[in-house]
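Here is the structure we will look at.
The values are calculated or read from the model by the stated rules, or taken from the named source; none is laboratory data. Just so you know, these numbers come straight off a predicted model, no measurement behind them. Note that we place each Cβ from the backbone using ideal geometry, even for glycine, and neighbour counts take in every protein chain shown.
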């Protein structure tokens, strides 16, 4: 019986080494490409005919797009239109990576902080650069809420800076922690089912309890996978809004 | 025949009935998952801000050689920033307009074919 943490191991599938760096094609890379292919297939085959009266598949694609479009519209407003493709890509990639990870023998890409922090750091630098490009040095007024009396500046500025710097970390840790914790929990309960089943006799009957728990947890994990992808995209729009519209 | 066949009802009535059937109240599992997501979000907001503050303080201490004073000061700032994050996250959730409130708004006829943007 494999331990609950073995599912997160990175295994090189095709070793590549460039100038002393290990750039192997790993199971994580493979599942990222898988998520990319599923996304591509979903969008391509959904919109291939692109009829005026959409069929089921086309409706699903359009509904998802409208959902992201609405989210950006409510959080950023008219200036956010050009960021819809970015938020949409982010949302659908994380959603499919989360959901694909729930299949047995699958690897959950988003259960690695290296992956989620790469996203969050990219979003953070993007927010800073967009803010600086749009507002110049006035962007730093983000650290000083309007109407702060001068004698509070020395307190408010460090607090706001820490609050701002903690954004990429909260964004990445939330997704990574949710996915990792859920998968560990699932694996532990599935482990109970197997070991109780092997024990035989009355213990095999008791094994129904962790099995029922696994089924319930799996449903919960499905919701968590969707909600976390949504929260990640939502907070990205909230952070982008601060850079674009520059007011709290 | 005492009651009209479904197809004889006006379209709006059938649509409203179908909407009511489809929406219903969210399942307990959905409520639990949302509450869980909300809870982890708030917990992480608080903890991470404290850690970032402490990390900045430690870095400044190493740079200026003032250990451990800046660490302590920035730790406190981090704590305050964490609570600020908490307040912002909660008030953001509360500021959301619910669908019921939107439905209560008066409906204005759309008089042009322009897109929203």
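Can you tell me which residue among B:102, B:71 is modelled with pLDDT of 90 or more, within 14 Å of chain A (Cβ to nearest Cβ) and assigned to a helix (DSSP H, G or I)? Please lay out each step first, then the result.
On the way: B:102 fails: modelled with pLDDT of 90 or more.
Exactly one residue qualifies, and that residue is B:71.
Would you confirm, using the coordinates I've provided, whether residue B:95 is surrounded by 13 or more Cβ atoms within 10 Å (Cβ to Cβ) and either within 23 Å of residue A:153 (Cα to Cα) or more than 9 Å from every other protein chain (Cβ to nearest Cβ) (or both)? Spell out how you get there, then give the answer.
On the way: surrounded by 13 or more Cβ atoms within 10 Å (Cβ to Cβ): no; either within 23 Å of residue A:153 (Cα to Cα) or more than 9 Å from every other protein chain (Cβ to nearest Cβ) (or both): yes.
In short, no.
Just give me the residues in the range A:122-163 being within 14 Å of chain B (Cβ to nearest Cβ) and either touching a strand residue (DSSP E or B) at 6+ places or on another chain (Cβ under 8 Å) or in contact (Cβ under 8 Å) with a residue 12 or more places away in the chain (or both), in sequence order. Walk me through it before giving the result.
Initial filter on the range A:122-163 (within 14 Å of chain B (Cβ to nearest Cβ)): A:124, A:142-145, A:148, A:152-163.
Scanning the range A:122-163 gives A:124, A:142, A:143, A:144, A:145, A:156, A:157, A:160, A:161.
For the range A:130-248, please list each of the helices (runs of 4 or more DSSP H) lying entirely inside it that holds at least 3 residues being crowded, with 19+ Cβ neighbours inside 10 Å.
A:153-165, A:167-199, A:208-245
Filtering the range B:56-68 down to residues that are surrounded by fewer than 18 Cβ atoms within 10 Å (Cβ to Cβ) and free of Cβ contacts under 8 Å to residues at least 12 places away in the same chain, which residue is nearest to the other protein chains (Cβ to nearest Cβ)?
Keep residues of the range B:56-68 that are surrounded by fewer than 18 Cβ atoms within 10 Å (Cβ to Cβ), which gives B:58-60, B:62-68.
Within this subset, residues satisfying the condition of being free of Cβ contacts under 8 Å to residues at least 12 places away in the same chain are B:59, B:62-68.
Values: B:59: 12, B:62: 17, B:63: 16, B:64: 15, B:65: 20, B:66: 16, B:67: 18, B:68: 17 Å.
Here the residue is B:59.
Can residue B:53 be described as part of a helix (DSSP H, G or I), at the interface with chain A (Cβ under 9 Å from one of its Cβ atoms), modelled with pLDDT of 90 or more and in contact with a helix residue (DSSP H, G or I) (Cβ under 9 Å, 6 or more places away or on another chain)?
Criteria met by residue B:53.
Could you tell me which of the residues A:102, A:90, A:64, A:95 is outside any helix (DSSP H, G or I), surrounded by 13 or more Cβ atoms within 10 Å (Cβ to Cβ) and touching a residue at least 12 places away in the same chain (Cβ under 8 Å)? First the steps, then the outcome.
Values: A:90 fails: outside any helix (DSSP H, G or I); A:64 fails: outside any helix (DSSP H, G or I); A:95 fails: outside any helix (DSSP H, G or I).
Criteria check complete, one pass: A:102.
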